[in-house]
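The structure under discussion appears below in the form of structure tokens.
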Amino acid sequence: MEGLYSAHEFVIAAHLIQPYAVAYASALSFHALSDLLPHTVFVATTRRKTEVTVEELGLRFRFITLTPHKFFGTQTVTIEDQPVRITTPSKTLVDGLDRPDLCGGVVELAKGLKRYTGDNANWTQLTADAQQLGNRTVFKRLGYLVEVLGLEVGEWLDRWRAEISHGETLLDPRYGRRGSYHAGWNLRLNVDEEHLLEWQRH
């Protein structure tokens, strides 16, 4: 471990637990799907581990324990000549739609989806990842955000709507039960559309 703390924070994360994958807000930032530069490094794992703080670097490592069936969709990238496991762009977005609180909230996910759309967008893979994750709330947030953003996704909206669960879900779980109800996606819109899209006007 000597000399490790001069390394990139993701390289440090690779030495703290196995199995692991840099995920959530950290992966969103790495894939340029968010402008946030979180001081906390989010690490997905199937094991339990308490947070690790490296005071000299002002870094905190937060470990999110996943059930094994949710631990998938990773790739290896090279950082400072070291292999680092990180969630793929599609799995990163699906993880965020599952847990917006670990990605800076639903506004950051709206930005991420907007940036994901384009030549590199793989809605087939993103949909498969969402199905494998097994939380049908993901499809509610995904469909609504894509609709509000006006993204061109063709028939995918109808396919996602067919996947949603019954019952009401909060658009952003960090906030309480407020705002209007969207019957089409079974969502309580506790972040209004103006706030959701404010970043597009700047």
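The values are calculated or read from the model by the stated rules, or taken from the named source; none is laboratory data. Computed from a prediction, not measured in an experiment: that's the story for all the values here. As a convention, Cβ positions derive from the backbone with ideal geometry for all residues, glycine included, and neighbour counts pool all protein chains shown.
Just checking: which of the helices (runs of 4 or more DSSP H) contained wholly in segment 98-172 hold 2 or more residues that are touching a residue at least 40 places away in the same chain (Cβ under 8 Å) and within 23 Å of Phe72 (Cα to Cα)? Steps first, please.
Details: elements: 106-116, 123-133, 137-149, 156-161.
The helices (runs of 4 or more DSSP H) meeting that bar are 106-116, 123-133, 137-149.
Can you work out which of the residues in segment 161-202 that are under 21 Å from the mean Cα position of the chain (by Cα) and small (Gly, Ala, Ser) is surrounded by the fewest Cβ atoms within 10 Å (Cβ to Cβ)?
Gly176
Quick test for you: out of Val43, Val11, pick the one residue that is of a type in the set (A, V, I, L, M, F, W, C), closer than 21 Å to Asp81 by Cβ and assigned to a helix (DSSP H, G or I).
Working: Val43 fails: assigned to a helix (DSSP H, G or I).
The conditions single out Val11.
Take the conditions loosely packed, with under 12 Cβ neighbours inside 10 Å and not basic (Lys, Arg) and apply them to Thr67. Does it pass?
yes
Give me the pairs, please: first residue somewhere in segment 31-53 and of a type in the set (Phe, Trp, Tyr), second residue anywhere and in a loop (DSSP other than H, G, I, E, B), beta-carbon distance under 8 Å, and either six or more positions apart or on two chains.
Pairs found: Phe42/Ala23.
Name the single residue that is surrounded by the fewest Cβ atoms within 10 Å (Cβ to Cβ) among those in segment 92-143 being under 12 Å from Leu33 (Cβ atoms) and among the hydroxyl-bearing types (Ser, Thr, Tyr).
Step by step, filter segment 92-143, then rank; the result is Thr117.
Any residue at all in segment 7-19 that is at pLDDT 95 or above and closer than 19 Å to Leu133 by Cβ?
Yes - at least one qualifying residue is present in segment 7-19.
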